[in-house]
Amino acid sequence: MNDIDRSVDTFDFAMRRRFRFLNIDPKDCSSMLGELKEKTAEANMRMNRLNKAIIEHPELNENYQIGPAYFLELATLSPEQLWQDYLEPLLKEYLRGTVDEDQAIERFHEAYEGVASEN
């Protein structure tokens, strides 16, 4: 098994040195939300508020931000359906096993809805 691990590690290193890696922030791609027409501003606000709450969570960081592709679903779904069917399950997966999972999900939902949290 150790030989296999080493050969995979060498392959992984060889692949990584051949590519350029760029960090792409969700705001860098927010122009794709223009497809939503009249819902663009709302989708942008929801995405930015939610991502701000994600970044501020002590066990998450900017690598857990949710990109605009999820918010394109607002073309056919209500904001609450998007939350229930896509965003909440993803965030629960991010927070699985953390101490304050339920409270964090509630804070994320409040941010998504634009409700001022008293916490």
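The rows are residues; the columns are (1) among the charged types (D, E, K, R); (2) in a helix (DSSP H, G or I).
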residue: 24; (1), (2): no, no
residue: 35; (1), (2): yes, yes
residue: 48; (1), (2): no, yes
residue: 106; (1), (2): yes, yes
**Request:** Of the numbered conditions (1) in contact (Cβ under 8 Å) with a residue 24 or more places away in the chain; (2) surrounded by fewer than 12 Cβ atoms within 10 Å (Cβ to Cβ); (3) not aliphatic (A, V, I, L, M), residue 96 fails exactly one; give the number of that condition.
**Result:** (1)
**Item:** Filtered residue count, the stretch 43-65, keeping only those that are over 22 Å from residue 99 (Cα atoms) and out of contact with any Phe, Trp or Tyr (no Cβ under 9 Å at 6 or more places or on another chain)
**Value:** 2
**Prompt:** Residues in the stretch 66-88: is at least one assigned to a loop (DSSP other than H, G, I, E, B), within 11 Å of the chain's Cα centre (by Cα) and either surrounded by fewer than 13 Cβ atoms within 10 Å (Cβ to Cβ) or free of Cβ contacts under 8 Å to residues at least 60 places away in the same chain (or both)?
**Reply:** yes
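Here, each number is a calculation from the coordinates, and none is a lab measurement. Small disclaimer: the values here were computed from a predicted structure and weren't measured. Note that each Cβ is placed from the backbone with ideal geometry, even for glycine, and that neighbours are counted across all protein chains shown.
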